[in-house]
Structures are given as C-alpha cells and as structure tokens.
1. Given points 7 Å out from each Cα along the Cα-Cβ axis, report the ALA106 to VAL33 separation in nanometres with one decimal.
2. When the dipole is taken about the Cα centre of the chain, and only Lys, Arg (+1) and Asp, Glu (-1) are charged at their Cβ, what size is it in debye, to the nearest 20?
3. At most 13 other Cβ atoms within 10 Å and a DSSP loop assignment: could you name the GluC sites (Glu not before Pro) in region 21-99 that fit?
4. Quantify how much of the Cα-Cα distance distribution of region 2-134 extends past 21 Å, in percent.
5. With springs connecting C-alpha atoms under 10 Å apart, model the chain as a Gaussian network and identify which of VAL26, VAL57, VAL88 has the largest mean-square fluctuation.
6. Please arrange PHE76, PHE16, PHE122 by how many other C-beta atoms lie within 10 Å of their C-beta, fewest to most.
7. Which pairs break 29 Å Cα to Cα here: LYS4/LYS134; LYS105/LYS127; LYS32/LYS115?
8. Computed FRET efficiency, Cβ-Cβ of ASP119 and THR25, R0 35 Å: what is it to the nearest 0.05?
Amino acid sequence: MDVKMAFLNGFVEEEFYIDQPEGFTVVGEKHKVCHIQRSIYGLNQASRSWKIRFDEVIQGYNFIKNNFDPCVYKKFNGNSIAFLVLYVDGILLIENDVKILGDTKAWLSTLFSMKDLGDASFILGMKIFRNRSKRML
C-alpha cells in the first residue's frame, strides 16, 4: 500500500511561517504570511513528524513496534499474526488471515489517503516468489 502525500499527515511542534505561495496571494494582503500547522515537503522535520504520527496511529490499532527495527510492527489476535513494514510512504502488510488483512487496509484507509498496490512482487529490490498451494513465499 502507498500513503498518498505521506509527509502532509504529520504535525509540526514548532511555529513555522512562509511567504504566500506565488499564485495564491490574496489581493491587498501580499504582506501576510502563512502559518504552517502540518508538515510539508521540504521541511527538515517532515519525515520525523510523519513517522511520529504513523506510530501513534498504528499503535492505536494494537500493533506493537519492533524493538530492533522501529519501522516494523506486529499484531497478534488469537491464531492470526500480522506484520506491517513502513518504508517512507510505502506499507508492506504480511498477515496469515485474509479478513484481518482487509480490515487493516480498510482501517488505514479511513485515516490516510491510501492506494492499494495489490500483492507485493518486489520489496527493496528483491523479487517475491509465491507458491500458494504450498503456502510458501
């Protein structure tokens, strides 16, 4: 899954002001500036604020952050297990229960603008081979 405009989902803690973007200035108020309340591309804090927001959201859905890799999350529910890997604005979901997979995707889509890219065929330059009949990756 891909999070559309991921960095715009983060919030900034500091106070930022920018000049009005060209073409968006209000007639007679060109001297005014814009107060930035959300993270925007180009801010040094953009990726950090996005990651903080994502952590809060995903842990609110009972995913647990991995102690060794802060971009890997896990969730247990009875016999079901789910892993979520966040890479910048891309999400890889690995689950052994199709219903839980669908529920997780639907839940994420209510919080962020998402694009479902279907079954993963490549991850970090590695090709994924599946044999569904043998239940193997």
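Every number here is computed from the coordinates shown, using simple stated rules; none is lab data. Just so we're clear, the structure is a prediction, and the values are computed from it rather than from any experiment. Backbone-built Cβ (ideal geometry, glycine too); neighbour counts: all protein chains shown.
1. 4.6 nm
2. Details: 18 positive and 16 negative charges, 155 e Å.
Dipole size: approximately 740 debye.
3. Values: sites: GLU22, GLU29, GLU56, GLU95; in loops: GLU22, GLU29.
Listed in order of number, the matching sites are GLU22, GLU29.
4. Considering region 2-134, 52 percent of its Cα-Cα pairs are separated by more than 21 Å.
5. Greatest mean-square fluctuation among the candidates belongs to VAL26.
6. On the way: PHE76 11, PHE16 15, PHE122 8.
Final ranking by Cβ density, sparse to dense: PHE122, PHE76, PHE16.
7. Values: LYS4/LYS134 35 Å; LYS105/LYS127 23 Å; LYS32/LYS115 36 Å.
With Cα atoms farther than 29 Å apart: LYS4/LYS134; LYS32/LYS115.
8. On the way: r = 46 Å, r/R0 = 1.32.
It comes out at approximately 0.15.
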